[in-house]
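S.K.: This is the structure I want to talk about, given as C-alpha cells.
Each value in this text was obtained by applying a stated rule to the coordinates, not by laboratory testing. Being a predicted model, the structure only gives us computed values, none of them experimental. Don't worry about glycine lacking a Cβ; one is built from the backbone with ideal geometry, like all the others, and counts go over all protein chains shown.
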Amino acid sequence: MADENIDEKIDKSEKVKIDLTEEEQEGLSALFGSEGEEKTSEPEENEKVLPPPDLTKQLKETVYDTSPLTGFEDGEVSGIEGDVEITDSDKEMFLKAVLNDESVILDIPFCNGGIVFKVRSKTSWEQTLAYEATVQSRLNEKELDYYQSLLQLQKYGATLQILAINGTPMANLKYNEPGDDWQKQVDELLSASKKYIESIDSAKSSLILNALRLFEYKVAKMSAACNTADFWKPVG
C-alpha cells in the first residue's frame, strides 16, 4: 500500500514552474537551443567565423618605436653580465661616422677577446627593408606568430649589421635607398639571411644577438651623452 501511495503521489505531482528573467532565458537558449538540445562548439553554416588577427600594425609599431631611450646610467645591459665599457676608440669611430654621414662601425669583443663581432649601424631605408622582409616572410609562412616575426626581424637586422666574425666576412649588404627595384633588395636580404644567419648554431646566434644589443647600447649611450663635455674629453 505504501508503494502504491508513493506512485500515486508521483503521478499526481505538478511540474514546478521557475520564473526566469528575459536575460536568463536568452542565456539558456544560447546554450541549449530552442528544443533543449545542447549546442556543439562547431560553427553553424551561416555563422560568421572571424579571420585570424592581422599583426602587421603591431609589428610596425614595434619596429618604428620612437619612445625615449632609458637605462644608460648604470652601464649595464639586462641579461648580460658585467659593465659595458665605451672605449676611446668607440667614441672616435662614432664621431667620425656621424661627421662624415657614414655608418657607425664598432668592434664588439666577447669571451675576453676570443670572439670579436664587427657591427655597423643600419640606414633608415635598411630599417624599412628589414621590416618589409619580415612582413613578406610572415605572409609566405602563415604559421609565424607575432613573436616569431620579431625573431625574423632580428635575423634580418643581423644579416645587415654583422660585417665579420673574427675577421671572417658575412653578407656585407648595404642599401642606402630603395632604388628602381626595392623588391629585389628584399629578395637579396631574404637569401642572405638564409645563407649566413639561419645556418648558425643556436649558441653562436645568441652571441650575435647580444653583440647587436651591446652595439645599440653603445651607440645610444654616446648619442645620449652628446651634451656631456666630460664624456668626450678623451677624444679631444
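S.K.: Could you work out the local net charge near residue 109, counting Lys and Arg as +1, Asp and Glu as -1, over the other residues with Cβ closer than 13 Å to its Cβ?
M.R.: Combined, the nearby Lys, Arg, Asp and Glu give -1.
S.K.: Right, another one. I want to make sure I understand the PRE zone here: with the label point 7 angstrom from the Cα of residue 209 toward its beta carbon, which residues in the range 185-199 have backbone N atoms less than 14 Å away?
M.R.: 198
S.K.: So, one more: Going by how many other beta carbons lie within 10 Å of each one, how would you line up 160, 209, fewest first?
M.R.: The most exposed by this proxy come first: 209, 160.
S.K.: Identify the GluC sites (Glu not before Pro) of the range 120-193 meeting these criteria: DSSP loop state and at most 16 other C-beta atoms within 10 Å of the C-beta.
M.R.: Hits after loop and neighbour filter: 141, 143.
S.K.: Past 26 Å, Cα to Cα, is the threshold; run 184/218; 96/155; 174/194 against it and keep the listed order.
M.R.: Pairs exceeding 26 Å: 184/218; 96/155.
S.K.: Would you mind checking which residues have amide H under 5 Å from residue 163's amide H? H placed 1.01 Å from N; only 5 or more apart, or other chain.
M.R.: 118, 119, 120
S.K.: Net charge within 14 Å of residue 91 by Cβ-Cβ distance, Lys/Arg positive one each and Asp/Glu negative one each, not counting residue 91 itself?
M.R.: Values: positive: 96, 218, 221, 233; negative: 85, 88, 90, 92, 107, 230.
Taking every Cβ under 14 Å from that of residue 91, the sum is -2.
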